[in-house]
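**Student:** If you scroll down you'll find the structure; I have some questions about it.
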Amino acid sequence: MASIGGMGNILKQAQEMQARMAKMQEELASKTVQGSAGGGMVQVTVNGQFNLTELKIEAAAVNADEKDMLEDLILAAVNDGMRKAREMASAEMAKLTGGLKIPGLMP
């Protein structure tokens, strides 16, 4: 009988962790980070769910003759923003798990 009670406790803890994770995912949707490239000529905002929410390009960066450079700046800014969003999400997950790395929870 003791093992049945222990199993119920484990199930309860798992349900509590699941609820905390769902709340954290909601909170991450409202937290953002900024990425940039080209000295700020291209700036992006990414939320904690890895969605690009804003893209700003300074007019000086828009030049039909340098289209490839602008594309590279956009890629670099998005990658910078995504890296920062992953770091933010990992930090939030560490708060939830007490620093325990649980495979498959975060990219």
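None of the figures in this text is laboratory data; all of them are computed from the coordinates on show. The structure presented is a predicted model; accordingly, all values stated were derived computationally and were not measured. For neighbour counting, all protein chains shown are included, and Cβ atoms are generated from backbone atoms with ideal geometry for every residue, glycine included.
**Student:** Any lysines with Cα under 26 Å of the K56 Cα? List them, leaving off those in the same chain fewer than 8 positions away.
**Tutor:** Correct list for K56: K31, K67, K84.
**Student:** What does the charge add up to near L55, with Lys and Arg as +1, Asp and Glu as -1, over the other residues with Cβ less than 13 Å from its Cβ?
**Tutor:** On the way: positive: K56; negative: E54, E58, E71, D80.
So the environment of L55 carries a net charge of -3.
**Student:** Moving on to the next point. Give me Rg over Rh for the chain, both radii from the alpha carbons and Rh done the Kirkwood way, two decimal places.
**Tutor:** Working: Rg = 20.1 Å, Rh = 16.1 Å.
That ratio is 1.24, to two decimals.
**Student:** Quick one: helix 2-30 against the long Cα principal axis of the chain, what's the angle to the nearest 10°, folded into 0 to 90?
**Tutor:** Computed tilt is about 20 degrees.
**Student:** Give me the one-decimal nm value for the distance between modelled label points at M69 and T45, 7 Å along each residue's Cα-to-Cβ direction.
**Tutor:** Between M69 and T45, the label points sit 2.8 nm apart.
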